[in-house]
1. Between 0 and 90 degrees, rounded to the nearest ten: what's the tilt of helix B:119-133 against the longest Cα principal axis of chain B?
2. Using Cα pairs under 8 angstrom and six or more residues apart, how large is the relative contact order of chain B, in percent?
3. Quick one: if you stick a label point 7 Å off each Cα along the C-beta vector at B:S82 and A:A207, how many nm between them?
4. Nothing charged except the Cβ atoms of Lys and Arg (+1) and of Asp and Glu (-1): what's the magnitude of the dipole of the range A:288-435 about its Cα centre? Round to the nearest 20 debye.
5. Please give the per residue volume of the convex hull enclosing the alpha carbon atoms of the range B:68-221, rounded to a whole number of Å³.
6. State the antiparallel share, in %, of DSSP beta bridges confined to the protein assembly as shown, rounding to the nearest 5.
7. Compute the Kirkwood hydrodynamic radius of the protein assembly as shown, taking the inverse of the mean of 1/r over all pairs of distinct Cα atoms, and give it in Å to one decimal.
8. Using a Förster radius of 60 Å, what is the FRET efficiency between A:V229 and B:L244 based on their Cβ-Cβ separation? Nearest 0.05, please.
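What follows is calculated from the coordinates using simple rules that are stated; it is not laboratory data. Worth saying up front: this structure is predicted, and the values here are computed from it rather than measured. Every residue, glycine as well, gets a Cβ built from its backbone with ideal geometry; the counts of neighbours run over all protein chains shown.
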Amino acid sequence: MSDPAISIDRARASELGMVARFFKATELDTRLLGMIGALVIIWLAFQFLSGGQFLTPRNLWNLSVQTSSIAVMATGMVLIIVTRNIDLSVGSVLGFVGMIMGVTQAEFLPKLIGFENPATWIIALGIGVVTGALIGGFQGFIIAFLGVPAFIVTLGGLLVWRGAAWWVTSGRTVAPMDLTFRLMGGGPEGSIGAMWSWVVGIVACLAIVGMVVNSRRQRKRFNFPRRPVWAEVFMAAVGCGLVLGAVALANAYYWPIGIVRKYAEASGITIPDGGLFISHGIALPVLIAVATGIVMTFVTTRTRFGRYVFAMGGNPEAADLAGINTRWVTMKIFIIMGILCAIAGAISTARLNAATNAQGTLDELLTIAAAVIGGTSLAGGVGTIAGAMIGALLMQSLSSGMVLLGLDTPLQNIVVGLVLVVAVWLDTIYRRRTA
Amino acid sequence: MTDTQAPLVDMENISIAFGGIRAVDGASVDLYPGEVVALLGHNGAGKSTLIKILSGAYKRDSGTIRVNGEEATISNPRDAKSYGIETIYQTLALADNVDTAANLYLGRELMTPWGTLDDVAMEHSAREVMGRLNPRFQRFKDPVKALSGGQRQSVAIARAILFNARILIMDEPTAALGPQETAQVGELIKQLKSEGIGIFLISHDIHDVFHLADRVAVMKNGQVVGTAKVGDVTEDEVLGMIILGKCPSGAIPGPGAVN
């Protein structure tokens, strides 16, 4: 064959074949990859438009802290949407639980155990988590056992819990929070520093390698087809590279000079000539969000409960006929959502150093948007925790980037709204192609 | 088959109503070990409803169910499964978005000693059982949505026989299948029968099941028209039972028979 056109076609075909082979061997989720691609494009665009202010350790570190609260709630929203439900009340529940935790630590506990008691933060958080679980359980009970649609129950909840948050203090803002509790909100104090960040990073890398080796050993046990070794090594290397890169980035963001000066005075250190550089390291809220993501991923992929959640989303009737107690599973999902709202509430009250009755307003929409942009299908049965968390990061990148560019709030809302619709439209096209 | 043995299943005077409509009205059927009973009737005759009561999907309003001569309490699908009653539903009742192994073990997952899902072990036995039913089946990683009708049917059948069923209910098992696969299901029924499993075969098409069944039970308007050993009646007579509710001389008439 001397026809040049044909040989070009052949070359193209073999090229495509190689890409396809690569995806097949690594079993990479192309959807997730597409989302990461979109995220990178958005980041590069803001970097370009803001004249290099976006991709700085400082901005990315702040971005990670700002994303935490929504990311935590988005992991629960995935389960809810996967089972063909919706939760419109998460923002209000966050506000109410945040208010309860604020009052507990600022007004209730000081009378009993004094100010700045070392146990204050854990008691306040515990009460918050129990309150969140009870609210979620209550809404879940009405949805699962009384058969009222989730849309209506949580629409009611949206109004009820926002009103309840107001009633706790008659609209008064509660401040300040307990010093230990405030660590959950990030800031120089609420970060784990350079050394511990590296420890976390290395532990994470060991876990990645361990998981790859373990899954390979499992498949060997039954003689199943395995990924090629190069693909395993590649995946482990990329995973470890991302983790260590994130740690290095967090460590490259140093404490502001004022805080360093105060810290040096307090601990009697003289600041050397070149200046004292203290790394933030990974912020605690980010660690909380990542830990939540890992736990929720484990729950959805490795436990019975997670399997039932997805089976119910795929075919509720089949799940029922298979003997799954679908009502109880539904109620449990809403309990989990309530607990996650409490954790998100702790992060946001700690960050703001106050509990206000407007806290979490419109968070339900951001949470749902994060889950949906992250590939959770409103038709049910499809969604991943990692996707939802990347979705949350994407939403936050957009708003944070637009603030950096000095765009007006109305314009920001327009852009976010358009992005949501376009993202889901693209996803629809993708699904139609691959299905 | 032999009247000296206790029936595997004995449903007596079962009734259920949905909003005033008596979908099943005083129906009685029984099933012996190693026997295939074909449950015939028009669409809407009450066959599927009666059988869904046995599989625990519906709760009966009245009547008794005995399994091995002892009264059984079946109020949900889990109860039915604990009596060894497995069902292949007309709709297949598969969770479309998860893979074959997950569907086979749905509700009865294999667990590791740490209480997590043992996906590898489940895939292993899924490969084994599917290898017996459908040797060419290879798509274990795909969600069942991506499978062909026949493949989906074999997944549903595999799920029913995976757990040592003693009583098997097949609701229109060959509706989605081609001639070759239908023949395969026929072979499977004969094999299961020889293992002593009792099978209820539900169909609205008499030709599908006549040669597979030992007995036929015909329903019309929620009532049993009659039951007969396959040797005692002709296909035309059974058609008469289905369409007209006329009970021939070779059959034992039920409450739904017209004179």
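1. The helix B:119-133 is inclined about 50 degrees to chain B.
2. Rounded, it is 24 percent for chain B.
3. 3.8
4. Result for the range A:288-435 is approximately 480 debye, rounded to the nearest 20.
5. Enclosed volume per residue, from the Cα hull, is 148 Å³.
6. Antiparallel: roughly 60 percent of the beta bridges in the protein assembly as shown.
7. For the protein assembly as shown, inverting the mean 1/r across all distinct Cα pairs yields 29.1 Å.
8. Values: r = 70 Å, r/R0 = 1.17.
Once rounded, the FRET efficiency stands at 0.30.
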